[in-house]
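Working notes, structure below.
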Amino acid sequence: MTRPDDLPDPGRPSDDLPERGAIDLAAATDQLRARPTDLPVEVASRVLLRALATPRPAQLVRGFDEHAFLRVSTSVLTDLVRRRLDGVLADGAVRRIRCTTTRDERLEGVTVDLVARYGTDLRFLATATHDLVGDVLRETFGPEVTDGGSAALVHVHVSDVTRGDPRLVDGHDED
Amino acid sequence: MSSPATDVDVLASRAARGDRDAFRALVSGLGDETWRLALHALGGSSALAGDALEHAWSTAWRDLPRRGDRDVRLWLLGVVARACEHVGAEQVDGARPDRGADPTDLAPWETLTLALTRLPWAQRTAWLLRRLHGLSAREVGVVLDVPELVAQHLVEQAHVTLSVWSGPVAPAT
């Protein structure tokens, strides 16, 4: 059986190919490689517009009382929470946000997994995170959302520490 | 203790978790390479390449949370390759490079672009990834979801065919 190492380099023409054809192909390949192929700005704009409008599988969360007609996707809620935390936390970074809902589309809980910078006061970081998430929930759904107490609704897990900037840690490396 | 990841890895992970700015940065970082693959795979047609990229990056946004630990760049090139096949399967035959060249007076790169459209999809994509994008045979296999040996055969077959075709190519009818 032929092993990969036994095969000729596809970048180097074999001896039994027409020499002229191989030379022409090499020249054409160089030309094609050298041609400018930057993504046009208008295409990039269209790509982003369409891609970011593509829904991801998500659950819906129902608003309260006079806002009961409101349904907010958990992906939107996750984005709001992430933006708020990214803008404020200096010694911690969000690794993952999980939203859980009840059968009747009520928000059951928001769990934030954090990566903390080594040496950070974790109680301070967790409290700040907890308060910020509570703010986002109240701004989104109204004050009723935390009527039962935000402690039961918002959970903060510090799942790792890093010596460098916690925002530069790839979550997938750690799972 | 965690180790630093590459920018693209970090951006993809953040985008997977819903960070739209990270996704924009990812498009900015890998957009040129995905555009180059789509353009060359679709006969140099900007219109088809644009359609393919819209489809591909939409798929990427939707599926990033399910990417797992696969290499971001190779995973995205695979998404683009499949989108190109989807978009161009019936339309690319007879596609011309955008500058509207006289078929009797094609530059070598235009002849090559035209010749590429005559190759089967897998050979075309494998050859482009190997020769224009500089991927190894193993990486080509990852992108096309085939074993390394199969990827290497695809590149070789394409190379032989293109060498034969590298003279003037008649326009498709």
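Annotations for the structure displayed:
- Members of the range B:36-53 that are surrounded by fewer than 24 Cβ atoms within 10 Å (Cβ to Cβ), out of contact with any Gly (no Cβ under 8 Å at 6 or more places or on another chain) and of a type in the set (A, V, I, L, M, F, W, C): B:A47
- Helices (runs of 4 or more DSSP H) contained entirely in the range B:1-83, each with at least 2 residues that are closer than 27 Å to A:V81 by Cα and among the aromatic types (F, W, Y): B:46-63
- Within the set B:W57, B:W75, the sole residue that is of a type in the set (F, W, Y) and more than 7 Å from every other protein chain (Cβ to nearest Cβ) turns out to be B:W75.
- Residue in the range B:87-96 that is modelled with pLDDT of 85 or more, within 12 Å of chain A (Cβ to nearest Cβ) and part of a helix (DSSP H, G or I) present: no
- Qualifying residue in the range B:21-36 (condition: farther than 24 Å from A:R33 by Cβ, facing another protein chain (nearest Cβ under 8 Å) and over 13 Å from the mean Cα position of the chain (by Cα)): yes
- For the condition at pLDDT 80 or above and touching a helix residue (DSSP H, G or I) at 6+ places or on another chain (Cβ under 7 Å), A:V76 does not qualify.
The values are calculated or read from the model by the stated rules, or taken from the named source; none is laboratory data. Source: prediction; values computed, not measured. Cβ: placed from backbone, ideal geometry, glycine included. Neighbour counts: every protein chain shown.
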